[in-house]
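First up is the structure itself, then whatever we jot down about it.
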Amino acid sequence: MVSALVLIADGTEEMEFTITYDTLVRAGVNTTSAFVNASEKSEGTLPQYARCSRGLKIIPDTNFDLLKCGPENYDLFVIPGGADGAKTMSQNEDVQALVREFLKEKKFVGMICAGSLTALTAGLPRQLITSHPSVKSHLVNGFDYSEDSVVVSGYLITRREGTAFPFALTLVELLCGSAKRKEVYNPMVFPLGTPF
């Protein structure tokens, strides 16, 4: 079964996390959320909840653990945005290491909004990327920056703000094919003319 790991931290943007997680589940992807502590390591007791950027409390499935969260266990690694959550994730050396490992193993890595900062801190090579405008200035010198809503650069998928649904549907298509994307999309009943 195809599987995905979606990170979450205090300060993660609620919609970016939940829309991605929910859409993957709808596609039959075995999806797990992993809490990244603001300290370097996320070992210890699982927190009661992650307090997201707008105050929503989400219970994570597990703690982020370098040894359990690798590409041998998951086909997709997702880093949501939200300023504080993205900062926590992008500064975590284990998260950086796993980004490099997933890409090396030709497994997908999704970075949402400010989560794209992790491409920089992980030392990824110059390639096409997008992000929330608030972190664009950090990325334009080291990457080929795009204003597109969703950017696929090999196994790295990035997205701008306000595009969680097309991002999540792109992940479904990459993991499960275009027929599965359509199968998931249709029951969501988006308004006529929705451009994704």
Next item on the list: Between the alpha-carbon centers of the range 89-141 and the range 150-164, tell me the distance in whole angstrom.
Entry: 11 Å
Next item on the list: Scan around A50 for amide H atoms under 5 Å from its own, H built in the peptide plane at 1.01 Å from N, and keep only partners 5 or more places away or cross-chain.
Entry: I58, I59
Checklist line | Separation of the Q127 and N186 label points, Cα + 7 Å toward Cβ, nm | finding: 3.3 nm
Next item on the list: Would you grab the residues whose amide H sits under 5 Å from the one on N63? Only those 5+ places off in sequence or on another chain, please, with H modelled 1.01 Å from N.
Entry: F35
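For the range 1-52, run through the GluC sites (Glu not before Pro) and keep only the ones in DSSP coil with at most 14 other Cβ atoms within 10 Å of their Cβ. Mind dumping the intermediate values first?
Numbers: sites: E13, E14, E16, E40, E43; in loops: E13, E40, E43.
In loop regions of the range 1-52 (DSSP not H, G, I, E or B), the sparsely surrounded GluC sites (Glu not before Pro) are E40, E43.
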Margin query: Can you return the lysines within cross-link range of K87? Criterion is Cα-Cα under 28 Å, with same-chain partners fewer than 8 residues away left out.
Written below: K41, K57, K68, K104, K106, K107, K136
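Over the chain, calculate the relative contact order: mean separation of alpha carbon pairs under 8 Å at least 6 apart, over the residue count, as a percent. Numbers along the way, then the final one.
Working: 411 pairs, mean separation 40.3, N = 196.
Averaging sequence separation for qualifying contacts and normalising by length gives 21 percent for the chain.
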Checklist line | Exposed-site-free run, longest, the chain (rule: trypsin sites (Lys or Arg not before Pro); DSSP loop; at most 13 other C-beta within 10 Å) | finding: 127-196
Next item on the list: Select from S53, S90, S137 the residue whose mean-square fluctuation is largest in a Gaussian network model of the chain (Cα-Cα springs shorter than 10 Å).
Entry: S137
Check: Can you list the HN-Hα couplings for the range 149-158, worked out from phi with the Karplus curve (6.51, -1.76, 1.60; θ = phi - 60°), rounded to whole Hz and with x for Gly and Pro?
Finding: 5, 10, 10, 10, 10, x, 9, 9, 10, 10
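For the chain, list the DSSP H helices whose alpha carbon atoms reach 15 Å or more along the long axis and whose average Kyte-Doolittle value is 1.0 or above?
Values: long enough: 14-26 (18 Å, -0.09); 93-104 (16 Å, -0.15); 164-176 (18 Å, 1.95); 178-188 (16 Å, -1.37).
TM-like helix candidates: 164-176.
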Next item on the list: For the range 47-71 and the range 12-41, write down the distance between their C-alpha centroids in whole Å.
Entry: 8 Å
Check: Where does the chain land at 222 nm, in deg cm²/dmol rounded to the nearest 500, when only DSSP H runs of n ≥ 4 count, each adding -39500 (n - 2.57), divided by all residues?
Finding: -10500 deg cm²/dmol
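Using the number of other C-beta atoms within 10 angstrom as an exposure proxy, rank S131, S149, S33 with the fewest first. Could the numbers behind the result be given before it?
Values: S131 30, S149 16, S33 22.
With the fewest neighbours first, S131, S149, S33 line up as S149, S33, S131.
We did not get these values from a lab; they are worked out from the coordinates using the rules stated. All of these numbers come straight from a predicted model, not from anything done at the bench. Don't worry about glycine lacking a Cβ; one is built from the backbone with ideal geometry, like all the others, and counts go over all protein chains shown.
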